[in-house]
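Only one structure is covered here, and it is reproduced in the block below.
Throughout, read-outs are computed from the coordinates displayed, never taken from laboratory work. Since the model is a prediction, treat every value here as computed from it, not as a measurement. We place every Cβ from the backbone using ideal geometry, glycine too, and count neighbours over all the protein chains shown.
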Amino acid sequence: MNYLITGGTGFIGKELVKKLTSQLHHVYILTRTPSIYFNSEFVTYLSFNEINNLPKLDAIINLAGESIFGYWTQKKKQRILKSRLEITQLLIEYMKKLEQRPSVFISSSGISYYGFSDEEIFTEATTTPGNDFLANVVMDWESIANQAEALGVRTVLTRFGLILGSNGGALPLMSLPSKLFVGGPLGKGEQWTSWIHIDDVVELLVFAIQNPKITGVLNVTAPKPIRNKDFNQILANTLNRPYWFPTPSLLIRVATGEMSQLVLKGQYVLPNKALENGFTFTYPTLESALEQCFPHVKKF
């Protein structure tokens, strides 16, 4: 099968490409700098100007977008929004021109759609969005992606939670305080963290591609969200480090600005659609996920 992936050189993309090529699928990776990569038997890097001569695609997976991590200046926020909307619209326009369209369009998104709450439980059936910057980004982003449905392409909006892996994402930075023996809860520590291991992300993406019953919103989170104080306690235990006092909310806000809401606020998100369709998580608990991410830590 032939797959076109945007964001194929990123944290999720690289792992997904490994999975698809191991199954002998051919992956075309759309990138701004194809010349710095080497093509192989099953991977071809190309610019957007080169996609008109591709063979029939079985699926398009859209994983591109400016990282949400970093201090949110106005320019940073503009890049976060613009990078997502522009590439998604380009893919929609590309599909409009195809005589034979892919059977499925997987477009990445985020659980930021739901806003923040310490009490509410969010599932794919939740239709009331949050009222903050990232929630608005997700609404605009998904609105464009949903245009693929009118083209007769099954569309899946994958709302990612916090993705854990040893080779990228947020975990290396999150684990630094514990590694430096100063780990503890962030703020009050009561905020929910809806997380998922990178291996389960990849498997769930493949599951969504192959399962024609899955359409619309798909929460890409593990089935057991956890409060921040418990997350950091388990992280400290996994690393054999002490668990100390909270990091004050004010300090985090001063250091990270508006982005601080990502760690000081949270949401309890369940992957109901995945579970209802028979998906099995390899790492359903945080303990199992972190043990895999840090396999070489000595146990005493």
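Assorted remarks:
- Label positions at residue 35 and residue 255, each projected 7 Å from the Cα along the C-beta direction, are separated by 4.1 nm.
- For segment 72-86, putting each phi into the Karplus relation 6.51 cos²θ - 1.76 cosθ + 1.60 with θ = phi - 60° gives couplings of 7, 6, 4, 5, 4, 5, 5, 5, 4, 6, 4, 4, 6, 6, 5 Hz, in residue order, rounded to whole numbers and with x for Gly and Pro.
- Here the gap between residue 224 and residue 69, fully extended at 0.36 nm per residue and compared with their Cα-Cα distance, gives a gain of 53.4 nm.
- Per-residue Karplus couplings for segment 4-15, computed as 6.51 cos²θ - 1.76 cosθ + 1.60 with θ equal to phi - 60°, are listed in order as 10, 10, 9, x, x, 9, x, 4, 6, x, 4, 6 Hz, Gly and Pro entered as x.
- The convex hull defined by the C-alpha atoms of the chain has an orientation-averaged projected area of 16.0 nm².
- Selected from 219, 150, 243, residue furthest toward positive end of dipole (segment 145-300; charges at beta carbon): 243
- Lysine pair number, Cα distance threshold 15 Å (strictly under), segment 184-273, separation 8 or more or different chains: 5
- Candidate cross-link partners of residue 96 among the aspartates and glutamates, defined by an alpha-carbon separation under 18 Å and a same-chain spacing of 8 or more, comprise 50, 58, 86, 142, 149.
- Mean residue ellipticity (222 nm) of the chain, computed from DSSP H runs ≥ 4 via -39,500 (n - 2.57), nearest 500: -10000 deg cm²/dmol
- Between segment 7-51 and segment 232-295, the Cα center-to-center distance that results, in Å: 30 Å
- Annotation: amide H-H contacts under 5 Å for residue 266 (H modelled 1.01 Å from N, sequence separation of 5 or more, or interchain): 117, 192.
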